[in-house]
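Participant: This structure is in structure tokens; I'll ask about it shortly.
The values are calculated or read from the model by the stated rules, or taken from the named source; none is laboratory data. No experiment lies behind these values; they were computed from the predicted model shown. Glycine gets a Cβ as well: all are built from the backbone with ideal geometry, and neighbour counts include every protein chain shown. Surface accessibility is based on the protein's heavy atoms, side chains included, excluding ligands, DNA and RNA. Shrake-Rupley method; radii C 1.70, N 1.55, O 1.52, S 1.80 Å.
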Amino acid sequence: MRAHRIAALCLIWSAAAAQAAELFPLRDVRLGPSPFLDAQATDLHYLMAMDPDRLLAPFLREAGLQPKQPSYGNWESSGLDGHMGGHYLSALALMSASTGDPDVVKRMNYVVAELKRAQEENGDGYLGGIPGGRAAWRDVAAGKLHADNFSVNGKWVPWYNLHKIYAGLRDAWRYGGNEDARVMLVALSDWALRLTNGLSDEQTQTMLKSEHGGMNEVLADVYQMTGDRKYLDLALKFSHQALLQPLQKGEEKLTGLHANTQIPKVIGFQRIGELSDRKDMRQAAAFFWQTVVEHRTVAIGGNSVKEHFHDDRDFSPMIDEVEGPETCNTYNMLKLTEMLFLSQQQGSYADYYERALYNHILGSQRPQTGGFAYFTPMRPNHYRVYSQVDQGMWCCVGSGIESHAKYGEFIYAHDKDALFVNLFIPSTLAWREKGIALTQTNGFPDQAGTRITVDGDARFTMKIRYPAWVAPGQLQLRVNGRALKVDARPGTYLGIERAWRKGDRVDVSLPMRTRLEQMPDKSNYYAVLHGPIVLAAKTNPFPAEHLNFLADDARMGHIAQGRVCPL
Ligand SMILES: [Zn+2]
């Protein structure tokens with residue numbers, strides 16, 4: 001009888017459009033034993049090995065204060081000074097929520113306190129490590145503007161750089177509960193308001209030719225935090241029309257564009273769309289996601305060659321070049337995917353998330369010792385290089401220290417009455433509104449299934465993802481040992497509505513097939529997958545001493561520039 005009823009409900013829910021869902025607070029999800037927990041521990045070690053005073057030095061220097069330590073080198077001393085400090089603050093905030101580690105919390109609060117000192121010394125809300133930044137921003141305010149992709153008035157992507165400290169302050173407040181960070185973020189936003197007040201829309205759009213991270217997203221966040229409309233207006237002013245307008249019309253004009261410049265702008269479009277009546281901006285974001293994932297993404301979930309979107313009818317550069325998908329792009333695609341999922345719970349969003357998380361993000365960290373990869377070459381038999389803690393100060397180290405600190409974020413989601421099980425990552429969730437906990441245990445993906453155990457009593461619908469990679473009719477479900485009929489299709493969710501009791505156990509069997517996946521341009525290159533996992537082979541084309549897997553602090557040290565094998 002019960003099996004019958006559940007089967008009927010599954011049918012209804014797998015087809016129904018959904019209401020908005022929410023993530024659980026990161027602090028309410030704890031990882032269990034798996035490669036993700038290992039990666040988190042490795043990241044924590046890397047974070048604590050970075051010297052906060054060296055990362056803070058550019059902010060203090062630019063405020064006219066004496067740094068306690070010299071800056072790091074590499075990108076931290078060649079114009080992008082301070083970008084890593086912003087990422088670092090985000091990473092500490094995420095890690096503090098994910099682990100509760102008191103040393104991480106202490107480190108995060110120290111970084112905020114030192115930044116506060118610099119901001120107060122600046123006196124006008126400004127906070128940044130850009131060399132000569134204050135004079136440069138005075139020129140911008142006066143309307144003196146020369147911008148191209150990578151610079152404004154000769155400064156290396158200054159808004160991109162500042163976006164990192166905006167995001168760091170937001171995250172220190174949002175994930176780390178630091179109230180000073182919130183006040184500092186609002187002050188920094190007010191500084192941007194005053195700075196751009198006298199600029200026409202045309203001048204602002206000229207400025208936005210240069211990579212500017214997710215400035216529109218973070219300003220929309222400040223609008224949500226404060227309820228003050230002026231920040232939403234500023235977020236709209238910071239929305240790059242040259243990208244937005246074609247997307248609004250459903251036109252795909254991405255070929256040739258710097259890929260990771262675009263993705264954060266689109267995250268901002270989605271964010272503004274969520275917080276306002278700009279449905280067109282949400283549609284633009286969904287269209288962008290679809291076109292990038294369906295036409296520009298390779299098997300590991302990454303995109304772009306030499307940081308740029310290439311012709312989507314020709315993936316030969318993806319095979320030839322050693323600069324394959326950049327890790328930052330996938331970090332940002334996952335952010336966008338998560339937001340789109342929350343507004344519409346399509347299985348395709350979670351399927352992409354899983355693919356990119358396991359095959360690109362998790363694999364971008366050097367196991368055990370730590371270190372991060374920038375490019376993941378798709379060139380057969382090529383290799384990657386990893387950062388060293390005191391040397392590589394690239395963007396992908398910045399996004400990397402964040403990625404491995406937030407694996408708990410998307411495993412589950414919920415709406416009022418339903419729990420979504422998106423990912424099969426061992427973990428424990430505290431669902432405070434319902435007064436229950438859930439634990440997921442498995443050896444996935446080495447074992448093709450998962451077990452979910454309920455601790456506490458509550459009525460809700462458990463919606464378990466039916467991955468696209470499980471064949472129709474092959475997913476099997478048992479509740480407390482009793483098989484249930486599953487009518488849901490691959491790429492959807494199946495729902496079990498129940499008054500759950502302490503000790504209830506759900507076993508999900510997820511049979512994996514081994515299969516080939518062709519390059520998106522249908523050229524003669526294939527990836528081999530087993531379930532969601534892209535397989536690789538251990539090869540040894542050259543004696544290892546010819547290759548250096550550790551990047552040095554050279555400006556282009558992040559590229560694996562050693563010998564290539566013949567195709
Ligand atoms: Zn990067």
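Participant: What is segment 61-166's relative contact order, in percent, from Cα pairs under 8 angstrom and six or more apart in sequence?
Facilitator: 38
Participant: OK, next. Subtract the Cα-Cα distance of residue 505 and residue 180 from 0.36 nm times their separation in residues, and report this length gain in nm to one decimal.
Facilitator: 112.7 nm
Participant: With a sphere of radius 13 Å drawn around the Cβ of residue 133, what net charge do the other residues whose Cβ falls strictly inside it have (Lys, Arg +1; Asp, Glu -1)?
Facilitator: With Lys, Arg at +1 and Asp, Glu at -1, the net is 0.
Participant: Pick out, in residue order, every one of the trypsin sites (Lys or Arg not before Pro) in segment 233-309 that is DSSP loop and has at most 14 other C-beta atoms within 10 Å; say none if there are none.
Facilitator: For trypsin sites (Lys or Arg not before Pro) across segment 233-309 that sit outside H, G, I, E and B with at most 14 neighbouring Cβ atoms in 10 Å, the list reads 249, 253.
Participant: Pull up the DSSP beta bridges for the chain and report the antiparallel fraction as a percent, rounded to 5.
Facilitator: Beta bridges within the chain, antiparallel portion: roughly 90 percent.
Participant: Here's something else I'd like to know. I'd like the FRET efficiency for residue 518 and residue 22, computed as 1/(1 + (r/R0)^6) with the beta carbon distance as r and R0 of 45 Å, rounded to 0.05.
Facilitator: Between residue 518 and residue 22 the formula returns 0.75.
Participant: Something else: Among the listed pairs 335/434; 209/249; 230/434; 68/164; 249/406; 155/230, which are separated by more than 25 Å between their Cα atoms?
Facilitator: Pairs exceeding 25 Å: 335/434; 230/434; 249/406; 155/230.
Participant: Could you pull out the trypsin sites (Lys or Arg not before Pro) across segment 74-148 that fall in loop regions by DSSP (anything but H, G, I, E, B) with no more than 16 other Cβ atoms inside 10 Å?
Facilitator: In loop regions of segment 74-148 (DSSP not H, G, I, E or B), the sparsely surrounded trypsin sites (Lys or Arg not before Pro) are 144.
Participant: Rounded, prolate or oblate: which one fits segment 308-436, using the alpha carbon gyration tensor with axes a ≥ b ≥ c (rounded when a/c is under 1.5, else prolate when a/b beats b/c, else oblate)?
Facilitator: Oblate.
Participant: Mean separation of Cα pairs under 8 Å and 6+ residues apart, divided by the residue count of the chain: what relative contact order is that in percent?
Facilitator: 18
Participant: Answer rounded, prolate or oblate for segment 130-287, using the Cα gyration tensor with square roots of eigenvalues a ≥ b ≥ c: rounded when a/c is under 1.5, else prolate when a/b is larger than b/c, else oblate.
Facilitator: Since a/c reaches 1.5 but b/c is at least a/b, the shape of segment 130-287 is classed as oblate.
Participant: Net charge within 13 Å of residue 117 by Cβ-Cβ distance, Lys/Arg positive one each and Asp/Glu negative one each, not counting residue 117 itself?
Facilitator: -3
Participant: I'd like the FRET efficiency for residue 106 and residue 241, computed as 1/(1 + (r/R0)^6) with the beta carbon distance as r and R0 of 41 Å, rounded to 0.05.
Facilitator: Using R0 = 41 Å, I get an efficiency of 0.40.
Participant: Separate question: Using DSSP to define loop residues, name the trypsin sites (Lys or Arg not before Pro) in segment 496-540 whose beta-carbon has at most 10 other beta-carbon atoms within 10 Å.
Facilitator: Sparse-neighbourhood loop trypsin sites (Lys or Arg not before Pro): 522, 538.
Participant: For the pair residue 344 and residue 441, how long in nm is the line joining their label points, each one 7 Å along Cα→Cβ?
Facilitator: My value for the distance between the label points is 3.9 nm.
Participant: What distance in nm separates the two pseudo spin-label positions at residue 150 and residue 68, each 7 Å out from Cα along the beta-carbon direction?
Facilitator: If labels sit at residue 150 and residue 68, their model points lie 3.5 nm apart.
Participant: Which FRET efficiency, nearest 0.05, do residue 121 and residue 283 yield, Cβ-Cβ r, R0 41 Å?
Facilitator: In this case the efficiency is close to 0.40.
Participant: Ignoring ligands, DNA and RNA, what percent of the accessible area of segment 142-291 is carbon or sulfur (1.4 Å)?
Facilitator: Here carbon and sulfur together make up 46 percent of the probe-accessible area.
Participant: Given axes a ≥ b ≥ c from the Cα gyration tensor, I'd like to know whether the chain is rounded (a/c under 1.5), prolate (a/b larger than b/c) or oblate.
Facilitator: It comes out prolate by the Cα gyration axes.
Participant: Once phi is turned into θ = phi - 60°, what whole-Hz ³J(HN,Hα) does the Karplus curve with 6.51, -1.76 and 1.60 give for every residue of segment 458-468, x standing for Gly and Pro?
Facilitator: Each residue of segment 458-468 in turn: 6, 9, 6, 9, 8, 9, 9, 5, 9, x, 4 Hz.
Participant: May I pose another question? Would you kindly derive the ³J(HN,Hα) couplings of segment 173-189 from the backbone phi angles with the Karplus curve 6.51 cos²θ - 1.76 cosθ + 1.60 (θ = phi - 60°), listing them in order in whole Hz, with x for Gly and Pro?
Facilitator: So the Karplus estimates, Gly and Pro as x, are 7, 5, 9, x, x, 7, 6, 4, 4, 5, 4, 5, 5, 5, 4, 5, 5 Hz.
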